[in-house]
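Trainee: Shown below is the structure under consideration.
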Amino acid sequence: MTNRYRRMLWACANCLFAGAVFWFAVPLTAGELSGSEALNWEATVTLAAQLELAEEAAAPPPPEPPDTELSGPLAELQRLLERPVVVPGPPPATLTEVGAGRAAALSPGYVVQPLDRVTPAAVTRIDHEEIWSSGARSLNELFDIYVPNAQVIRHHAQPPHLGIRGIISDKDDKYLLRVNGRLMNNRSQIGAFSEHYLPMLGDIHHIDVVRGPGSTTYGPGAISGVVNIVTHNGLTFQGTDATVRQGFLEYFTGVEVRHGVQLSDDSGLFLYYGYADYPGAPQEHSPYVFGRSFTALEGVPVVAGEPVTFGIPNDHRTYRSSGRHKMHVQYTKGDFDAWIRYTRSGEQEAFRRDFVTSPPLGTTPVGTAIADLATEQAGYQQLTAYLGYRLEPSENLNIDLALSYDMFDLERLTREVPSGYIAHREDEWFGRILAKWDPIERHSLAFGFEYSHEDFGLDSPGFPHRPAFTPRQRDGTRPWGTDTFSLLGEYQWRMTDQWIGFLSGRADKHTYTDWLFSPRAAIVWLPTELDTLKFIAAEAVRRVEDDVLRISALDNLDADDAETLKSLELRYERRPNERRFWGLSAFYEDTETVAFARAVGQDVGRSQVLGDFQIWGLEFETSYRTETTRFVASHAYTDLVNGALLDPAGIVQGVSAYPYNVLFADEPFGRHLANWSPHLTKFYVMRNLDCCWSASGSLRIYWGFPGAEDLTQYNNMLLESTGTPSSGLGLSDPGYDKAFAGNYYLDLGLERKLRQHGAVRLDFYNVLGWFDQDLNKRNYLNRLSEYRAEAAALALTARLEY
């Protein structure tokens with residue numbers, strides 16, 4: 001048995017042992033309450049919650065519950081708390097309101113909006129209690145724990161990237177990131193860069209993650225999915241609390257303060273500020289490993305499979321070693337919402353192979369000192385202001401209005417350009433009008449219009465202040481702007497009590513593209529009260545970067561307008577009771593892929609149409625939630641069906657090595673995606689030990705990367721045949737396979753609730769790394785023979801409520 005499989009079996013045994021300890025050895029001393037476990041809300045039935053209810057009993061009686069009948073967990077929760085329950089945010093993946101009872105008003109201007117069983121998509125909702133009990137230090141770590149078929153991979157020029165259903169991007173731009181419905185993506189350089197790397201998550205009420213194409217509802221860019229963050233407001237959070245976190249081994253210090261006040265029955269104010277100093281994990285706790293032996297600059301030897309000995313930045317160290325900031329202020333009154341949000345973050349990254357060695361394996365001149373190499377790092381600041389209002393001209397018609405301003409200021413320090421930096425600012429004004437109309441019984445319509453004006457190329461306002469510069473910038477062409485006009489609509493037909501149909505469509509016209517269309521059709525069948533079957537057919541689009549479109553227009557070239565993905569999904573869900581949930585999805589994706597690629601023998605690359613790729617997958621998920629126990633598990637299989645490149649002999653890309661088989665008689669490469677583990681397993685469990693103590697744990701298993709091994713072997717062949725490998729792909733020594741084995745991340749947590757309103761947590765991260773650091777490895781995008789271990793670490797968190 002090889003060492004690779006010994007490590008795999010040993011890791012599995014440890015994980016099973018840890019799960020057994022949590023599940024069987026912990027006594028269940030608190031009673032289980034039926035009904036309220038499907039959602040984890042502000043109140044849990046612990047001693048602290050009972051004290052709160054006792055205080056409310058002495059107060060004036062709450063308002064009578066609404067006459068509208070509610071069913072399921074929300075009804076049980078409302079009965080338990082004896083007060084209306086407010087859940088902010090729009091329903092995910094749809095424009096029309098779905099499901100009977102969804103429009104049940106609990107306070108003026110607000111509606112109960114649970115994840116309805118007829119939502120035409122696969123959606124994972126992570127609420128604020130699950131965020132807290134996970135101990136997550138970033139959004140990516142949170143998604144890695146909870147979201148089925150979502151993977152995280154490192155990047156040499158930017159912080160780690162998120163992938164969904166086999167699709168992952170060099171620029172993290174294959175999905176959309178939204179906050180309270182407002183798009184936060186950077187349009188021209190770096191995609192969904194903001195929000196991800198902040199350890200301060202206390203402002204979030206819940207997050208909906210839509211798996212699968214979402215352009216129909218959310219706009220161009222939602223190829224693989226959508227992340228929608230919904231914040232607290234003055235109606236969902238009242239009082240004041242402060243949270244302090246201290247991380248060890250991966251060092252950080254974080255502080256969060258939030259204050260919420262309900263001003264009247266339908267109005268409230270929410271204030272939040274968070275700050276973190278994040279030095280990160282030193283090299284000895286987070287080693288960096290290459291798959292190819294070579295001699296680095298200054299004659300430093302690098303041995304395949306062994307940690308490098310030259311100095312590298314701390315893992316996850318903040319950009320420019322500065323602080324990370326988040327501020328959110330929101331005022332709500334009835335149908336009116338106004339908020340302003342500011343975030344600032346970024347990370348430093350380890351050196352690429354071609355930066356630390358000379359030709360033919362690298363690009364740095366002989367005689368350069370490693371200490372003289374500028375650290376690759378990227379940082380941003382984003383300021384967003386939003387106004388939203390709902391008009392209700394009649395009982396069956398409402399109109400949502402939105403107006404927003406957003407500034408995204410990006411800076412990268414990089415050796416890729418002679419100036420040593422990229423500075424780019426985007427300013428956007430956005431407006432939307434969306435009408436929702438129920439003309440007759442069983443029929444619902446939503447239709448609307450969006451307009452976006454963006455200004456590019458303005459100077460950075462102090463991050464630090466720099467003149468705007470990008471590699472594709474032309475003298476005399478800045479600042480410049482674009483306009484986008486969008487038409488969107490959806491028709492919902494509740495044919496019978498068991499059959500519901502959706503027809504959706506969206507059209508977007510950008511300054512430098514033709515009209516882009518995103519249709520979707522879905523049928524939902526409810527054969528019983530417990531079972532749901534969904535069939536979804538959709539097409540999604542993604543524009544290439546705006547500066548690429550502009551340069552093509554200036555050069556009178558036909559731009560590659562968009563990437564397209566056609567998707568079919570069959571999804572089955574079953575809720576045997578309000579505690580348990582089962583879900584199974586089968587999907588097929590056919591994409592005309594646009595991605596970053598290089599010409600053979602060249603280091604300069606660009607986004608371009610690569611060819612056609614077909615992906616298929618299966619997802620299984622289950623959950624069990626009570627007031628004392630939460631258990632979530634999933635397993636996903638995703639792999640390549642087929643792939644063909646427009647020019648297999650002329651371009652080097654990172655999607656898959658399989659299309660290169662046409663160049664070889666013996667077809668050496670399998671049908672695998674390069675940057676994806678075909679099998680992915682996740683477990684999360686939390687259990688209350690008594691009224692005050694609880695324990696939690698999560699395990700994520702990436703079972704292996706056969707497509708990464710193929711792509712590395714392709715680059716090895718390039719080196720042998722041409723003498724010059726691609727700097728964008730990995731290299732390996734003969735027989736080296738450690739980088740392509742599985743990744744295993746085991747976290748454990750212990751929490752103590754305080755009698756005087758608060759809690760203390762102790763979290764252990766990547767526990768297996770204390771035994772074998774290679775088990776915690778996380779590979780680099782495209783350069784997949786290289787990895788850096790996630791540090792085995794711990795953090796102490798205290799939250800005090802006033």
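Trainee: What single numbered condition from (1) farther than 19 Å from M327 by Cα; (2) crowded, with 24+ Cβ neighbours inside 10 Å fails to hold for K171?
Mentor: Unmet for K171, out of (1) farther than 19 Å from M327 by Cα; (2) crowded, with 24+ Cβ neighbours inside 10 Å: (2).
Trainee: Give, as residue ranges, the strands (runs of 3 or more DSSP E) completely inside the stretch 704-802 that count at least 1 residues that are open to solvent by 30 Å² or more (accessible area, probe 1.4 Å) and either touching a strand residue (DSSP E or B) at 6+ places or on another chain (Cβ under 8 Å) or on the phi < 0 side of the Ramachandran plot (or both).
Mentor: Fully inside the stretch 704-802 and qualifying: 743-754, 758-765, 793-801.
Trainee: Right, something else. Taking the stretch 512-544 as the region of interest, how many residues are buried (at least 23 other Cβ atoms within 10 Å of the Cβ) and farther than 30 Å from R575 by Cβ?
Mentor: 5
Conditions tested, residue by residue: (1) over 28 Å from F336 (Cα atoms); (2) surrounded by 17 or more Cβ atoms within 10 Å (Cβ to Cβ); (3) at pLDDT 95 or above.
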residue	(1), (2), (3)
T375	yes, yes, no
L387	no, no, yes
L397	no, no, no
H424	yes, yes, no
R474	yes, no, no
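Trainee: Looking for something in a strand (DSSP E or B), over 21 Å from the mean Cα position of the chain (by Cα), among the aliphatic types (A, V, I, L, M) and more than 30 Å from D774 (Cβ to Cβ) - is there at least one such residue anywhere in the stretch 664-676?
Mentor: no
Trainee: Is it the case, given these coordinates, that R125 is at pLDDT 95 or above, open to solvent by 10 Å² or more (accessible area, probe 1.4 Å) and not in a helix (DSSP H, G or I)?
Mentor: no
Trainee: Run down V329, V300 and say which single residue is on the phi < 0 side of the Ramachandran plot, surrounded by fewer than 17 Cβ atoms within 10 Å (Cβ to Cβ) and out of contact with any strand residue (DSSP E or B) (no Cβ under 8 Å at 6 or more places or on another chain).
Mentor: V300
Trainee: Here's another thing I want to ask about it. Note down all Cβ pairs under 7 Å where the first residue falls in the stretch 197-210 and is closer than 20 Å to Q330 by Cα, the second is acidic (D, E), and they're at least six residues apart or on different chains.
Mentor: Listed pairs, sorted by first residue: M200/E256; G202/E256; H206/D127.
Trainee: Suppose we filter F294, F336, F310, F355 for residues that are touching a residue at least 40 places away in the same chain (Cβ under 8 Å) and touching a Lys or Arg at 6+ places or on another chain (Cβ under 7 Å); which single one remains?
Mentor: Result of the check over F294, F336, F310, F355: F355.
Trainee: Would you be able to tell me the number of residues in the stretch 509-525 that are touching a residue at least 60 places away in the same chain (Cβ under 8 Å) and of a type in the set (D, E, K, R)?
Mentor: Matching residues across the stretch 509-525 total 1.
Trainee: In addition: Hey, can you tell me all the residues within the stretch 168-226 that are in a loop (DSSP other than H, G, I, E, B) and either of a type in the set (S, T, N, Q) or in contact with a Cys (Cβ under 9 Å, 6 or more places away or on another chain) (or both)?
Mentor: S169, N180, N185, S188, Q189, S194, S224
Trainee: Could you figure out which of (1) under 25 Å from the mean Cα position of the chain (by Cα); (2) modelled with pLDDT under 95; (3) surrounded by fewer than 21 Cβ atoms within 10 Å (Cβ to Cβ) isn't true of G311?
Mentor: Against the list (1) under 25 Å from the mean Cα position of the chain (by Cα); (2) modelled with pLDDT under 95; (3) surrounded by fewer than 21 Cβ atoms within 10 Å (Cβ to Cβ), G311 comes up short only on (1).
Trainee: Is it the case, given these coordinates, that D409 is under 24 Å from P90 (Cα atoms), in contact with a Phe, Trp or Tyr (Cβ under 9 Å, 6 or more places away or on another chain) and either open to solvent by less than 60 Å² (accessible area, probe 1.4 Å) or at pLDDT below 90 (or both)?
Mentor: no
Trainee: Okay, moving on. Could you list, in sequence order, all residues of the stretch 628-682 that are buried (at least 21 other Cβ atoms within 10 Å of the Cβ), under 30 Å from R579 (Cβ atoms) and touching a Gly at 6+ places or on another chain (Cβ under 8 Å)?
Mentor: T628, A636, T638, listed by residue number.
The values are calculated or read from the model by the stated rules, or taken from the named source; none is laboratory data. The structure presented is a predicted model; accordingly, all values stated were derived computationally and were not measured. FYI the Cβ positions are ideal-geometry reconstructions off the backbone, even for glycines, and counts take in every protein chain you see. Calculation scope for accessible area: heavy atoms of the full protein, side chains included, ligands and nucleic acids excluded. Shrake-Rupley method; radii C 1.70, N 1.55, O 1.52, S 1.80 Å.
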